[in-house]
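Everything on this sheet refers to the single structure shown next.
The values are calculated or read from the model by the stated rules, or taken from the named source; none is laboratory data. Just so you know, these numbers come straight off a predicted model, no measurement behind them. We place every Cβ from the backbone using ideal geometry, glycine too, and count neighbours over all the protein chains shown. Note: areas computed on protein heavy atoms with side chains; ligands, DNA, RNA excluded. Shrake-Rupley method; radii C 1.70, N 1.55, O 1.52, S 1.80 Å.
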Amino acid sequence: MSKFKEYDVEEIDALCSLGKALSSPIRIEIMQLLYEEGMIIGDIAKKLDLPASSTAFHLKILEEAGLIRMEKQPGTRGTVKFCTRKVDYITVSLIKKNTDVSEIFNAEMPVGAFSSCQVTPTCGMFGPDGYIGNEDTEYCFYYPERMKAGILWTSSGYVEYKFSNGVPRKRKIKRASISMEICSEAPGYKEDWKSDLTLWVNDVEVGTWTCPGDFGGRRGRLNPPAWPNGSTQYGMQVVWEIRSDGSYLNGEKISEVTVNRLSIMDRAFVSVKIGNKPGARYEGGFNLFGKHYGDYNQDIVLTMEY
């Protein structure tokens, strides 16, 4: 598999190291030698008809630029250094980023693609082929088929998702938002069934919203014919926003948690967890709707402005 490395104009030291590493024909030859297989320093020196000391000097410059990797391995006389390529393709951007103009990273997560969960009956999942496993059975939430779920429900607990963090490194997050269609969960349905639903992002409690009910008095706009009447049909579209001045739900402030507290750029993923806190006043569970279910044709959407 090809290995890529990106540089931008603001990485001055890294660009200078790269330029130094590629400024020598000998070092270019070394990169060519290492294209198909790794080699020890002695073999590289023989191939290029160079002293071992000169070869080691060139290899050190390539290593400092991040183009090769050198690892110690046992040899016939002590240890030897085994050299391999770290990079096949290099992209250099010479455009200085305008931090006054925001960019957006957007990702959509199927409701069944949760990384962890805690569920209690009534609970279950439904997908294109019908119910996934058995209703009210926790272990079914660990079936691989859960990825196909278009709707899931539980009377308490939580589900947690891990979104890939596609924001370029060294960028600062200005705002993060999570959008979903959700409602409470009662047996069958009950329009006045309240549930205190809490959102956590990267293990930080963002805020709690009280959902007014479990809605089933009419069919959801997108529900397939196989989804039965007499049960939950649709939810409310809820947008959580974490900004520099606090957190908001559908435009109304719900907490003082700011986007800086989430430490988003410290991880390769963004953790999003939704559910009932233990001991919540209204522990009324939840239904999560994905595409082709409920009223809104979406899965769980994460948007980050940077």
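Under a crude label model (7 Å from the Cα following the beta-carbon direction), how far is Glu103 from Tyr139 in nanometres?
With each label placed 7 Å out from Cα toward Cβ, I get 4.7 nm.
Need one number: % antiparallel among DSSP beta bridges in the chain, to the nearest 5.
For the chain, the DSSP antiparallel bridge percentage is about 95.
Compute the signed sum of charges (Lys and Arg +1, Asp and Glu -1) over the other residues within less than 14 Å, Cβ to Cβ, of Leu94.
-2
What does the charge count near Cys140 come to, summing +1 for each Lys or Arg and -1 for each Asp or Glu among other residues with Cβ under 14 Å from its Cβ?
-3
Give the residue list of trypsin sites (Lys or Arg not before Pro) in the stretch 58-129 that are DSSP loop and have at most 15 other beta-carbon atoms within 10 angstrom.
Values: sites: Lys60, Arg69, Lys72, Arg77, Lys81, Arg85, Lys86, Lys96, Lys97; in loops: Arg77, Lys86, Lys96, Lys97.
Here the sparse-neighbourhood loop sites are Arg77, Lys86, Lys96, Lys97.
Please identify which residues in the stretch 154-176 have an amide N closer than 17 Å to a label point set 7 Å out from the Cα of Ala14, following the Cα→Cβ vector.
Within reach of a label on Ala14, which here means backbone N under 17 Å from a point 7 Å along Cα→Cβ, the stretch 154-176 contributes 165-173.
Would you mind getting the accessible area per residue of the stretch 90-150, heavy atoms of the protein chains only, 1.4 Å probe, in Å²? Write down the numbers at each step before the final one.
Numbers: 3690 Å² over 61 residues.
Averaged over the residues of the stretch 90-150, the accessible area is 60 Å².
When only C-alpha pairs under 8 Å and at least 6 residues apart count, what is the relative contact order of the chain, in percent?
20
At a Förster radius of 41 Å, what calculated FRET efficiency corresponds to the Cβ-Cβ distance of Lys86 and Asp245, to the nearest 0.05?
0.45
With Rg and Dmax of the Cα atoms in Å in mind, check [x] 22.6, 77; [y] 28.8, 93; [z] 26.7, 83 and report the label derived from this structure.
[z]
What's the carbon and sulfur percent of the stretch 168-306's accessible surface, probe 1.4 angstrom, rounded to a whole number?
Carbon and sulfur atoms account for 49 percent of the accessible area of the stretch 168-306.
As a check on your grasp of the helix formula, calculate [θ] at 222 nm for the chain: sum -39500 (n - 2.57) over DSSP H runs of n ≥ 4, divide by the residue count, round to the nearest 500.
Theoretical 222 nm ellipticity from helices: -4000 deg cm²/dmol.
Past the 28 Å Cα-Cα mark, which pairs from Lys162/Lys190; Lys172/Lys194; Lys97/Lys273; Lys3/Lys96; Lys3/Lys72?
Violating the 28 Å Cα-Cα cut-off are Lys162/Lys190; Lys172/Lys194; Lys97/Lys273.
Expressed as a whole number of Å, what is the distance separating the alpha-carbon centroids of the stretch 74-101 and the stretch 130-154?
Cα centroid of the stretch 130-154 versus Cα centroid of the stretch 74-101: 43 Å apart.
Give the accessible surface of the stretch 4-59 per residue, rounded to a whole number of Å², with probe radius 1.4 Å and ligands, DNA and RNA excluded.
Result: 63 Å² of accessible area for each residue.
Just to confirm a number: summing +1 for Lys and Arg and -1 for Asp and Glu over residues other than Gly124 whose beta-carbon lies under 11 angstrom from that of Gly124, what do you get?
The answer is -3.
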